[in-house]
1. In terms of Cα to Cα distance under 17 Å, which aspartates and glutamates are near enough to Lys52, apart from those fewer than 8 places away along the same chain?
2. Taking the Cα centre as origin and putting +1 on Lys and Arg beta-carbons and -1 on Asp and Glu beta-carbons, what dipole magnitude results for segment 23-143, to the nearest 20 debye?
3. Putting +1 on Lys and Arg Cβ atoms and -1 on Asp and Glu Cβ atoms, find which of Tyr32, Tyr93, Met57 reaches farthest to the positive end of the dipole of segment 23-143.
4. List the aspartates and glutamates whose Cα sits under 17 Å from the Cα of Lys43, skipping any in the same chain fewer than 8 residues away.
5. What list do you get for Leu90, Leu124 if you sort them by fewest beta carbons within 10 Å?
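Computed from the coordinates by the stated procedures, all read-outs in this text should not be read as laboratory data. On a predicted model such as this, the values are computed, not experimentally measured, just so you know. Cβ coordinates were reconstructed from backbone atoms using ideal geometry, including for glycine residues, and neighbour counts include every protein chain displayed.
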Amino acid sequence: MKPSLLLALSTLAWFSIGCATSTLDSRKQERYGSYSSLSSEQKASVDVGEIKVGMSMDAVYIAWGKPNQILASETAAGMRTRWIYTGTRLQGYNYWTYPGFYGPYSYGYRGYAGPSFVHDYAVLNYVRAEVIFDGSVVAEWRTLPKP
């Protein structure tokens with residue numbers, strides 16, 4: 001491969017990865033006005049990725065990033081918003097597979113023709129944290145264990 005093409009491809013990969021991720025520093029710059037208006041105690045919490053009851057939505061966004069889901073509801077006290085953060089994990093599992101149309105030895109393999117025991121992985125999603133806002137202020141939050 002030509003060095004110039006390799007350089008162009010690596011630069012493109014670097015920029016696409018950099019643009020796809022959101023870091024604490026980039027979120028602080030993105031919402032600089034909100035960050036600078038936080039109290040020194042809240043700034044200290046946000047700087048280490050922690051949230052506290054009483055923080056604004058902007059402070060939670062800066063500390064934890066964009067939620068995966070936003071749910072809105074109404075109570076007698078007013079509007080309530082729930083931000084849900086999800087995570088993923090790998091779950092290993094085993095199964096038998098057989099030759100034929102759906103098996104791994106279906107096309108062009110003329111050697112082994114019996115069943116085979118296969119180990120594979122599935123990506124599972126789970127809720128890792130949720131934040132509940134009354135109005136636009138954190139009323140409660142919790143983290144959940146990784147299953």
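1. Glu41, Glu130, Asp134, Glu140
2. About 300 debye.
3. Going by the charge dipole, the pick is Tyr93.
4. Hits, sequence-local ones excluded: Asp25, Glu30, Asp58.
5. Leu90, Leu124
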